[in-house]
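A short worksheet on the structure shown next.
Coordinate-derived values only; no laboratory data. Computed from a predicted structure; not experimentally measured. For neighbour counting, all protein chains shown are included, and Cβ atoms are generated from backbone atoms with ideal geometry for every residue, glycine included.
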Ligand code: MN
Ligand code: ZN
């Protein structure tokens with residue numbers, strides 16, 4: 001079968017690999033229908049994703065149709081449409097014991113640390129497959145449940161609720177999912193980015209205002225938006241060396257800053273930046289069992305996956321799709337790969 005593999009930074013290809021077999025009685029075999037390219041996939045390609053291992057069949061945003069089930073699998077049958085939660089955890093470390101499996105001491109993400117879903121077939125533990133009703137969510141959109149789960153995770157970690165003023169820095173796909181979910185919670189969102197097209201998308205996804213930080217002073221914009229108080233919640237979805245200290249700077253006294261970058265580059269932050277305002281600096285990684293919430297939200301129509309998906313390519317053109325996502329961030333929201341084309 002065909003799969004998309006990154007052998008080392010800069011080296012990606014559509015390759016022939018062995019079709020997987022169900023390895024234990026609780027696994028299922030899925031025929032992948034669609035997958036979407038993530039900024040973290042681009043990071044694996046560029047060599048800037050500090051948690052990735054090579055060579056790796058990538059893909060953690062995917063879904064498909066169940067082909068085969070292990071003997072102990074209940075609740076899922078061949079023919080079911082499923083979205084796959086890519087998080088794998090040990091179940092017994094401190095984080096797992098405290099309901100934080102997404103930061104398990106041995107956490108693995110499919111497509112980052114273990115073979116991913118950008119392949120014609122994939123086996124997954126049945127408990128990580130979430131059933132989707134194809135009458136309510138198009139099979140060609142199931143891969144976008146994972147990116148929305150990131151938005152729900154960030155906003156849950158940030159305790160974003162009705163009436164909160166929220167600055168979302170960075171309006172790539174993650175930022176857009178965060179914005180749309182924050183809006184659905186009743187928050188009022190200020191979006192920032194350096195690309196106008198992304199800011200336009202942010203406004204379409206529900207941001208109340210948008211700032212191009214190359215043209216406008218974000219400090220002044222945040223102050224105006226918050227009547228001079230600073231932002232009660234800042235989400236750093238820009239994830240640069242400078243955006244982390246800036247997020248702390250723009251937060252109001254008593255505010256929260258949610259950090260989600262995976263870079264290892266060092267930002268300079270004095271202790272007083274946290275202490276003076278008694279900030280909650282909150283990390284957010286992957287998702288912690290958020291798929292059901294996202295699926296329910298999509299069924300209720302609170303998200304716009306059709307708009308999030310800006311491009312569709314057949315699997316055969318995967319390298320071209322990757323090139324587009326890598327080199328044209330102004331055009332791309334989510335690039336979706338169709339595996340059955
Ligand atoms: Mn992703
Ligand atoms: Zn664990």
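Tabulated data for the structure shown
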{"read-out": "Nearest-ten-degree value, helix 173-184 long axis tilted from longest Cα axis of the chain", "value": "70"}
{"read-out": "Largest-first principal axis extents of the Cα set of segment 159-283 (Å)", "value": "37, 30, 25"}
{"read-out": "Förster radius 22 Å - calculated FRET efficiency between residue 21 and residue 127 (Cβ-Cβ, nearest 0.05)", "value": "0.70"}
{"read-out": "Degrees, to the nearest 10: 318-327 long Cα axis against longest axis of the chain", "value": "10"}
{"read-out": "Length gained when the stretch residue 68-residue 220 is fully extended (0.36 nm per residue, less Cα-Cα span)", "value": "49.0 nm"}
{"read-out": "Shape call, segment 212-269: gyration tensor on alpha carbons, a/c limit 1.5", "value": "oblate"}
{"read-out": "Segment 90-147: projected area of the alpha-carbon convex hull, averaged over directions, in nm²", "value": "5.1"}
{"read-out": "Relative contact order (%) - criterion: Cα under 8 Å, at least six apart; region: segment 173-305", "value": "18"}
{"read-out": "Tilt relative to the chain, helix 145-157 - C-alpha long axis, 0 to 90 degrees, to 10", "value": "40"}
{"read-out": "Cα gyration tensor category, rounded, prolate or oblate, for segment 30-161 with a/c compared to 1.5", "value": "rounded"}
{"read-out": "Full-stretch length increase - residue 264, residue 317 - with 0.36 nm per residue and alpha-carbon distance subtracted", "value": "15.9 nm"}
{"read-out": "Relative contact order %, the chain, counting alpha carbon pairs below 8 Å whose residues are six or more apart", "value": "18"}
{"read-out": "Choice from 262, 81, 165 showing the highest fluctuation, given a GNM over the chain with Cα pairs closer than 10 Å", "value": "262"}
{"read-out": "Label point 7 Å beyond Cα of residue 159 along Cβ direction - residues of segment 289-329 with amide nitrogen under 11 Å", "value": "none"}
{"read-out": "Beta bridges per DSSP with both ends in the chain, % antiparallel, nearest 5", "value": "55"}
{"read-out": "The chain: C-alpha gyration tensor shape, a/c 1.5 cut-off, then a/b vs b/c", "value": "prolate"}
{"read-out": "Selected from 40, 267, 284 as most flexible by GNM, with the chain as the system and alpha-carbon contacts under 10 Å", "value": "267"}
{"read-out": "Among 228, 261, 63: highest mean-square fluctuation, GNM of the chain, C-alpha pairs under 10 Å", "value": "228"}
